[in-house]
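A.B. asks: What follows is a structure written as structure tokens; I'll ask about it next.
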Amino acid sequence: MESCFIRDIAGEGVEVWGMFDVIIVGAGPAGSATATFLGRRGYRVLLVDKARFPREKVCGEFMSPEIPEVLDRLGALPAIREKKPWETQGIFISSYQKFHFKLDFSTYFPHREDTSTLGFNMPRFLFDEILFRNAQATGIETLEGFKVTDLIFQGDQICGVRGIHPTGDKLELRSRMVIGAGGRNCIVAKRLHLHRGYWWLKKVALMTYFKEVHDPRKYVEMYIHPPGYCGIAPLGEDRLNVSLVVDWGAIQNRRGDLRDYFLEGLFRNRLVREKLAGAQPEGHLKGVGPLAFKAKRCSWDGALLVGDSAGFIDPFTGEGIYHALRSGELAAEVVHEAFKAGNLSKEFLQSYDRTRIQEFRKKFRICHALQHILYRPWLANFVARSMARDSILKKWLIPWKPSED
Ligand SMILES: Cc1cc2nc3c(=O)[nH]c(=O)nc-3n(C[C@H](O)[C@H](O)[C@H](O)COP(=O)(O)OP(=O)(O)OC[C@H]3O[C@@H](n4cnc5c(N)ncnc54)[C@H](O)[C@@H]3O)c2cc1C
């Protein structure tokens with residue numbers, strides 16, 4: 001990359017690299033998607049990440065049935081299929097061991113004859129790397145192991161980032177726009193003081209893998225039961241991704257290994273006990289939380305937020321990656337319009353906030369509604385029983401917008 005840009009030595013040992021159109025902070029699904037769509041349009045894009053790919057990510061690793069369409073537009077679907085991800089037929093939801101129902105993708109996407117283009121599960125270790133390499137293939141510049149520590153301003157306008165190069169050097173990278181795609185701790189959102197927590201919603205997720213599984217099944221399974229809910233996603237013939245979402249307060253003051261708490265929480269549910277009988281936990285237990293937060297706005301003078309950096313509520317609906325990819329696509333459109341108009345002000349860029357809300361309004365409402373339903377056994381059971389009977393609720397509580405192909 002050094003060969004492409006003029007490299008100056010500025011004062012105080014800070015190096016300044018040449019000018020980009022757009023710097024994207026974070027190369028998860030949101031950053032890589034934004035980079036691909038902008039790279040294809042010929043913009044000079046720099047995609048940076050503090051990690052090196054492939055890298056791990058705490059996630060349920062379920063890709064919802066809307067994702068393949070975006071992957072197709074990104075040109076990443078063949079590479080994903082080549083890895084033979086675990087195809088899922090739908091979602092199984094069990095409420096307090098009393099009621100359960102299934103949502104079959106084929107019911108909602110009847111036109112898709114090829115089941116491999118419905119939902120699937122895949123380790124993020126593989127998935128995110130494919131998207132990152134796919135972005136690189138458009139000819140953009142990338143920088144791994146680079147941690148962004150601050151933004152550069154000219155007046156109110158953001159015009160680059162500061163960070164630490166893997167060599168330990170401090171660097172300043174200049175651009176006409178910056179996209180915040182750094183996930184829940186995105187430095188762009190934090191520096192602009194845009195993130196807000198939900199006082200009434202403090203949850204944390206614990207996650208690990210199980211091996212030697214006897215019956216992985218073709219459904220992503222969600223078990224609502226104290227101390228929270230558990231998600232199980234098969235990744236192969238004998239491997240599962242297992243996560244448990246609980247109250248932040250329940251683990252906040254616990255010392256030492258949370259593994260016992262995690263296993264005890266899982267096995268309080270008889271159905272989960274039966275499902276995991278004979279299976280063995282594999283690898284470290286990972287955790288993330290508090291889960292829920294929102295961004296006051298997702299546009300600024302010279303900046304936009306995409307993916308999780310724009311907000312996150314809860315992983316129950318398994319919609320985070322779709323939101324990451326699609327918000328990246330929407331942001332790329334708005335960035336293109338802004339460059340064409342020569343207007344990078346927040347007044348112009350706020351059309352992104354409007355489009356994003358329009359597009360995701362229903363999903364956000366479902367996410368909020370679920371937070372009131374999940375932890376009230378009588379309500380969760382009522383909803384589960386109604387869903388099992390094919391009630392009208394099925395129309396309201398399904399987050400997917402079936403394609404019209
Ligand atoms: C427990 C749990 C389970 C989930 N399960 C699912 C699921 O099954 N399906 C689903 O669709 N969604 C799920 N989600 C949500 C999903 O993981 C996220 O929505 C998705 O990862 C968002 O992608 P992103 O690109 O916005 O952010 P991320 O994937 O978090 O990527 C952000 C990137 O930014 C980089 N970065 C951060 N800070 C800096 C910095 N300062 N400098 C440089 N780089 C930086 C990071 O290294 C990272 O690579 C789950 C979430 C949780 C917590």
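A.B. asks: To test your reading of the geometry: what angle, between 0 and 90 degrees and rounded to tens, separates the Cα axis of helix 351-374 from the longest principal axis of the chain?
C.D. replies: 30
A.B. asks: What's the ranking of 185-191, 271-277 by average number of surrounding C-beta atoms within 10 Å, highest first?
C.D. replies: 185-191, 271-277
A.B. asks: Still on this structure, please answer the following. For Lys395, list the lysines whose Cα falls under 24 Å from its own Cα; do not include residues on the same chain fewer than 8 positions away.
C.D. replies: Filter leaves Lys98, Lys102, Lys218, Lys362, Lys363.
A.B. asks: Relative to the Cα centre, what is the charge dipole magnitude of the stretch 87-170, using +1 at the beta carbon of each Lys and Arg, -1 at the beta carbon of each Asp and Glu, and rounding to the nearest 20 debye?
C.D. replies: Its charge dipole is roughly 320 debye.
A.B. asks: Using a/c under 1.5 as the rounded threshold, could you call the stretch 71-127 rounded, prolate or oblate? The axes a ≥ b ≥ c are square roots of the C-alpha gyration tensor eigenvalues, and prolate needs a/b larger than b/c, oblate otherwise.
C.D. replies: Because a/c hits 1.5 or more and a/b fails to exceed b/c, the stretch 71-127 counts as oblate.
A.B. asks: Moving on. Out of Leu271, Phe316, Val335, whose Cα points farthest toward the positive end of the dipole of the stretch 204-335 (charges: +1 Lys, Arg; -1 Asp, Glu; placed on Cβ)?
C.D. replies: With unit charges placed on the Cβ atoms, the residue in question is Leu271.
A.B. asks: Oh, and also: Of all beta bridges DSSP finds with both residues in the chain, what is the antiparallel percent, to the nearest 5?
C.D. replies: Just about 70 percent of them are antiparallel.
A.B. asks: What does the charge dipole of the stretch 155-274 about its Cα centre add up to, to the nearest 20 debye, if the Cβ of each Lys and Arg holds +1 and the Cβ of each Asp and Glu holds -1?
C.D. replies: It comes to approximately 520 debye.
A.B. asks: Let me ask you something else. So, with +1 on the Cβ of K and R and -1 on the Cβ of D and E, and no other charges, what is the size of the charge dipole of the stretch 223-325 about its Cα centre, to the nearest 20 debye?
C.D. replies: Magnitude of the dipole: close to 260 debye.
A.B. asks: Here's another thing I want to ask about it. Listed highest first by mean packing, meaning other Cβ atoms within 10 Å per residue, what order do 98-111, 130-143 come in?
C.D. replies: Output ranking for 98-111, 130-143: 130-143, 98-111.
A.B. asks: While we're on this one: Please give the peptides 83-90, 255-262 ranked by average Cβ packing (other Cβ atoms within 10 Å per residue), highest first, as a rough proxy for protection.
C.D. replies: The packing order, highest mean first, is 83-90, 255-262.
Taken together, the values in this text are just the output of simple stated rules run on the coordinates, not laboratory data. Because the structure is predicted, anything quoted here is derived from the model rather than measured. Every residue, glycine as well, gets a Cβ built from its backbone with ideal geometry; the counts of neighbours run over all protein chains shown.
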